[in-house]
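Below is one structure, written out as C-alpha cells; the observations come after it.
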Amino acid sequence: MIYPYIAGLIALIGIILSIIRFREGRTSPRMLLFWIIIWIMVILISFFPQETTIFANIFGIGRGLDFIIILGLIGCYYLIFKIYTMIERLESDISQLVREIAIKNEKIESLIEKIEISSSKKE
C-alpha cells in the first residue's frame, strides 16, 4: 500500500513547516509541540492503523476509525474554542486601542484650538 508513505511524507512536511514557523517566531513553543504531536500521530496511525482498535476498545469504542474520527472532532472543537477566545481578546484589545486613540485625538484637537485662539488674540 502506498497510503502510509504518502501520509508519512505529508506529516514530515507538516513537522518541517511547524519548525520553520517556530524559528521565524510565528508560533509559540506550545503550539509547536501540539503540531509535532499531531503529525507524529498521523505517521503512527498511517503505518500502524490496526493499533487504533486497541485504543478504541480501551475507551469503549468499537472500531479504530471511529476512535480517530471522535478524536478529530474533539480536536476541531478545541481549536474552534481557542480561535473564538483569541478573537474575543483581539476585539477587546482593538476596542481599548480605539478608545485611547479617540481620547488622544480629542486632546490634540483641543490643544490645536487653544493654539489657534491664542495666536488669533495676538494678532
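Below are the figures for this structure:
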| quantity | calculated |
| --- | --- |
| Length released on extending from LYS107 to ILE69, taking residue separation times 0.36 nm less the Cα-Cα span | 8.0 nm |
| Shape box of region 1-47 [Cα atoms, principal axes, largest first, Å] | 38, 14, 7 |
| Förster radius 25 Å - calculated FRET efficiency between MET41 and GLU88 (Cβ-Cβ, nearest 0.05) | 0.30 |
| Choice from ALA56, ALA102, ALA11 with maximal GNM fluctuation in the chain (Cα, 10 Å cutoff) | ALA102 |
| Longest to shortest principal axis, alpha-carbon extents of the chain, angstrom | 91, 31, 20 |
| Between 0 and 90°, nearest 10: helix 64-122 axis offset from the chain longest Cα axis | 10 degrees |
| Packing-based exposure ordering (other Cβ within 10 Å, fewest first) of ILE15, ILE83 | ILE83, ILE15 |
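Computed from the coordinates by the stated procedures, all read-outs in this text should not be read as laboratory data. The model shown is predicted, which means the values in this text are computed figures rather than measured ones. Here Cβ is always computed from backbone atoms with ideal geometry, including for glycine, and neighbour counts include all displayed protein chains.
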